[in-house]
Amino acid sequence: MKRSKIHTLLQSTHPSDQVLIEGWVRTRRDSKDFSFIEINDGSCLKNIQVIVQSSLPNYDDIQKLTTGSAVAVSGALVTSQGKGQFWEIQASDVAIISLASESYPLQKKRHSDEFLRTIAHLRPRTNKYGAVFRIRSELSYAIHRFFRDQGFYYIHTPIITGSDCEGAGEMFRVTTLDPQHPLSNGHAFDISRDFFGKEASLTVSGQLSAEMFALALGDVYTFGPTFRAENSNTRRHAAEFWMIEPEMAFCNLSGNMDMGEAFIRYLIDHALCNCSEDMELFGKFVDPSLMATLNHILSSEFVRLPYREAVSILSAASQSFEYPVTFGTDLQSEHEKFLTDVYFKRPVILYDYPKSIKPFYMRVNDDQQTVAAMDILAPGIGEIIGGSQREERLEVLEARMDETGMNKAGYEWYLDSRRYGSVPHSGFGMGFERLIMMITGITNIRDVIPFPRTPGNIEF
Ligand code: 4AD
Ligand code: MG
């Protein structure tokens, strides 16, 4: 007999005599001559109802099935007489694969997100988290499709690296030396005896590598795990997250903004069209204004605003902020929120930031004060994309590296790209989790990552 996913069965157009499903018991309810079992196999939000006649030889055991138990059910797919479902299965056989202990923590009531974080290994079995992780999967596919359809190539940039792309020093060290016995001859930690013979870290961005490939293959992107040792316990930061980084040769800042805006729209549209059942759950149970917000983002043009003008707007705002805003300070989330949620009420692309608060690789503008950076801020989320046009002029780039205190020695390979056929090019990074937060309405990054890593938290 052919095994089916519940997702496929529920879309059947005809009844069928012979179906087989495998899944987990959500609920069981017994009546006089039969038992109703609701089964979920994770393929979709919906359960399928199974009717088990008391004449089945193992009916006594079936009546002992607890929530969470695993079963394989074969039988006939028939139209349901009951309310709330179109199809159900009349079981001819129920094989009990394993009984879940009575202590199964996911009984029928609703649990708090905080509690479910403590059982992150079981939470994908709930309706909400099942939906989150199905959407995460679907959006990964959509991202590849978006770029592939436009002729981008997917590059696997290294995870272990020697370069600090963002220059913020928030890197996790990679070493095989035992900190207690660092194999040092003297007292100092002897890096030359370490695995790579020099300092190595987990990547904070694949950008520098992606740039080398953009200058060879044209339009490329990376999509992979990214690590930041920022000691900030916020709802939007994780120590391990996934980032999508397109890099485009012969592209300026405005082309970069166009791409970022189109990318966000495409992904929202994809989720609404392809994940409607799961999206409905978020609109109902997570954020009642979600659908309106997403449709509004789809239908409105993103604001494009120079940083300098944002500072004027914020300084003139009647609202008072915890942190003052002046030209040259980084905007805090309260400022971003004001711009997207209060002032413009739609996504905002801020650009031309002061060079003093941005990394070395961003192209210096003619005013010598600002760089061709752009951040896309989304309502309710804040920064979802950070990007820039890159500095393609060798002398300017070298001067910026000196200015920002970087050791050029490790970056000769990067500088080579400005020696041999340098061209204007641009790119950005989108935080994958921030995207999922925007699309699901979930407000804590810990709830869109299977096993989140944040300061002090490496469970599971
Ligand atoms: O703005 P960021 O730091 O930009 C870069 O890393 C560039 N090198 C990207 C590029 O131009 N290729 O990070 C990009 C995005 C942010 O806008 C945010 O969405 C996300 O990555 N991000 C995080 N997401 C979760 N947890 C963190 N700790 C994050 N830090 C950044
Ligand atoms: Mg940023």
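Has region 414-430 got at least one residue that is among the aliphatic types (A, V, I, L, M), more than 16 Å from ligand 2 (Cβ to nearest atom) and without any contact (Cβ under 8 Å) to a residue 12 or more places away in the chain?
Within region 414-430, not a single residue is among the aliphatic types (A, V, I, L, M), more than 16 Å from ligand 2 (Cβ to nearest atom) and without any contact (Cβ under 8 Å) to a residue 12 or more places away in the chain.
Hey, can you tell me all the residues within region 423-460 that are within 19 Å of GLU280 (Cβ to Cβ) and part of a loop (DSSP other than H, G, I, E, B)?
Residues satisfying the conditions are GLY441, ILE442, THR443, VAL448.
Scan region 298-325 residue by residue and report those that are open to solvent by less than 80 Å² (accessible area, probe 1.4 Å) and more than 24 Å from GLY260 (Cβ to Cβ).
Those that are open to solvent by less than 80 Å² (accessible area, probe 1.4 Å) and more than 24 Å from GLY260 (Cβ to Cβ): SER315, ALA317, PHE321.
Please work out which one of (1) within 16 Å of ligand 2 (Cβ to nearest atom); (2) more than 23 Å from ALA168 (Cα to Cα); (3) open to solvent by 10 Å² or more (accessible area, probe 1.4 Å) is the condition GLN389 fails and give its number.
Exception for GLN389: condition (2).
For region 165-198, how many residues are surrounded by 10 or more Cβ atoms within 10 Å (Cβ to Cβ), modelled with pLDDT under 90 and among the charged types (D, E, K, R)?
3
Taking region 401-418 as the search range and keeping residues that are under 32 Å from the mean Cα position of the chain (by Cα) and part of a helix (DSSP H, G or I), which one is farthest from PHE213 (Cα to Cα)?
MET401
Of these, THR13, THR8, which one is free of Cβ contacts under 8 Å to residues at least 60 places away in the same chain, farther than 14 Å from VAL94 by Cα, in a helix (DSSP H, G or I) and of a type in the set (Ser, Thr, Tyr)?
It is THR8.
When only residues in region 367-377 that are surrounded by fewer than 24 Cβ atoms within 10 Å (Cβ to Cβ) and part of a strand (DSSP E or B) count, which is farthest from ligand 2 (Cβ to nearest atom)?
THR370
Among the residues that make up region 359-376, is at least one of them within 12 Å of ligand 1 (Cβ to nearest atom), closer than 26 Å to PHE432 by Cα and either without any contact (Cβ under 8 Å) to a residue 12 or more places away in the chain or among the polar types (S, T, N, Q) (or both)?
no
Could you tell me which of the residues SER92, SER43, SER74 is in a loop (DSSP other than H, G, I, E, B) and touching a residue at least 12 places away in the same chain (Cβ under 8 Å)?
SER43
One line per residue, one yes/no per condition, for (1) in contact with an Asp or Glu (Cβ under 7 Å, 6 or more places away or on another chain); (2) of a type outside the set (Ser, Thr, Tyr):
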position	(1), (2)
SER35	no, no
SER54	yes, no
ASP61	no, yes
SER69	no, no
THR79	no, no
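Only residues that are open to solvent by 60 Å² or more (accessible area, probe 1.4 Å) and not in a helix (DSSP H, G or I): list them for region 263-288, please.
PRO288
Determine which member of the set GLY382, GLY328 is on the phi > 0 side of the Ramachandran plot and within 11 Å of ligand 1 (Cβ to nearest atom).
GLY382
State all residues of region 6-48 that are β-branched (Val, Ile, Thr) and open to solvent by 70 Å² or more (accessible area, probe 1.4 Å); if no residue qualifies, say none.
THR8, THR13
Which count do you get for residues in region 54-71 that are assigned to a loop (DSSP other than H, G, I, E, B), open to solvent by less than 30 Å² (accessible area, probe 1.4 Å) and closer than 28 Å to CYS275 by Cα?
The qualifying residues number 2.
Residues ILE51, ILE97: which one is loosely packed, with under 15 Cβ neighbours inside 10 Å, of a type in the set (Val, Ile, Thr), touching a strand residue (DSSP E or B) at 6+ places or on another chain (Cβ under 9 Å) and part of a strand (DSSP E or B)?
ILE97
So, in region 222-260, how many residues would count as being in a strand (DSSP E or B), surrounded by 15 or more Cβ atoms within 10 Å (Cβ to Cβ) and not small (Gly, Ala, Ser)?
13
Taking the condition of being more than 9 Å from ligand 1 (Cβ to nearest atom) and either within 27 Å of ARG418 (Cα to Cα) or among the polar types (S, T, N, Q) (or both), how many residues in region 206-226 meet it?
Residues in region 206-226 being more than 9 Å from ligand 1 (Cβ to nearest atom) and either within 27 Å of ARG418 (Cα to Cα) or among the polar types (S, T, N, Q) (or both): 13 in total.
The values are calculated or read from the model by the stated rules, or taken from the named source; none is laboratory data. Not measured: the values here are computed from a predicted model. Note that we place each Cβ from the backbone using ideal geometry, even for glycine, and neighbour counts take in every protein chain shown. Areas reflect the complete protein model, heavy atoms only, side chains present, ligands, DNA and RNA absent. Shrake-Rupley method; radii C 1.70, N 1.55, O 1.52, S 1.80 Å.
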